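A.B. asks: Sending over a structure as structure tokens; questions will come in a sec.
Since every read-out is calculated from the coordinates, none of them should be taken as a lab result. This structure is a prediction, so every number in the text was calculated from the model and none was measured. Quick reminder, even Gly has a Cβ in these numbers, built from the backbone with ideal geometry, and neighbours come from all protein chains shown.
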Amino acid sequence: MNNISRALESPLTAPIVIWMATVVMALGAPDMVSGSQHEHLPLALITTWLWAVAATVYALMTPSRNSLSRWTLGVATLWVATALIAVAAPVMVTGSDPTRIPLAVIVAPPVAAVVTGMLSLQQANLPEKPRESRRDASEDRQPARS
């Protein structure tokens, strides 16, 4: 349990999860297929890294006020859900020469990057954890005078 709490408090856990989810999306999400020749365009491979960079910048700029564990869990859950949605969501099919457009691949990563930024702002606006001053600590060690 100590290793889990240490991982949740690490500022690198969230960027690692963001990039793992990005790799899953890039490799597992459906391609856009268009034209009579059914040309494949790997939208996830082309676009997800840009949103992962934005989310990583937000994550690395997040100050560690109080505990990072709730923020880390929020960001990790968000990006795992984004990867699952991008990989498993149905594609939109249009036209007589069916064009298949994976809308989840287009919409989910930018939304996740924006929500990551919002979570980071929320973490930044938390009040500082009050530190015990040296004078207060020294008063606790001295015996009470009568």
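A.B. asks: Find which of Trp19, Ser67, Leu43 sits farthest along the positive direction of the dipole of segment 2-128, computed with +1 on the beta-carbon of Lys and Arg, -1 on that of Asp and Glu, about the Cα centre.
C.D. replies: It is Ser67.
A.B. asks: Still on this structure, please answer the following. Which order do Thr94, Thr22, Thr62 fall in if you start with the one that has the fewest other Cβ atoms within 10 Å?
C.D. replies: Taking fewest neighbouring Cβ atoms as first place, the list is Thr94, Thr62, Thr22.
A.B. asks: Taking only C-alpha pairs under 8 Å that are 6+ residues apart, what is the relative contact order of segment 19-131 in percent? Numbers along the way, then the final one.
C.D. replies: Details: 151 pairs, mean separation 42.7, N = 113.
RCO, segment 19-131: 38 percent.
A.B. asks: Just want the answer: with Cβ charges of +1 for Lys and Arg and -1 for Asp and Glu, which residue in Pro30, Ala81, Pro102 is farthest toward the dipole's positive end in segment 2-128?
C.D. replies: With unit charges placed on the Cβ atoms, the residue in question is Ala81.
A.B. asks: To continue, here is another question. Tell me, in nm to one decimal, what length is gained between Val53 and Glu9 on full extension, where the rule is 0.36 nm per residue of separation less the Cα-Cα distance?
C.D. replies: Residue separation times 0.36 nm, minus the Cα-Cα distance, leaves 13.7 nm.
A.B. asks: Then there is this: About the Cα centre of the chain, how large is the charge dipole given +1 on each Lys and Arg Cβ and -1 on each Asp and Glu Cβ? Please answer in debye to the nearest 20.
C.D. replies: Numbers: 10 positive and 9 negative charges, 143 e Å.
Computed charge dipole of the chain: roughly 680 debye.
A.B. asks: Rounded to whole Å and sorted largest first, list the principal axis extents of the Cα atoms in segment 2-128.
C.D. replies: In descending order, the Cα extents are 59, 27, 19 Å.
A.B. asks: Then there is this: Taking each full run of DSSP H in the chain as one helix, which ones are at least 30 Å long along their axis (Cα atoms) and have mean Kyte-Doolittle hydropathy of at least 1.6?
C.D. replies: Long hydrophobic helices here: 103-124.
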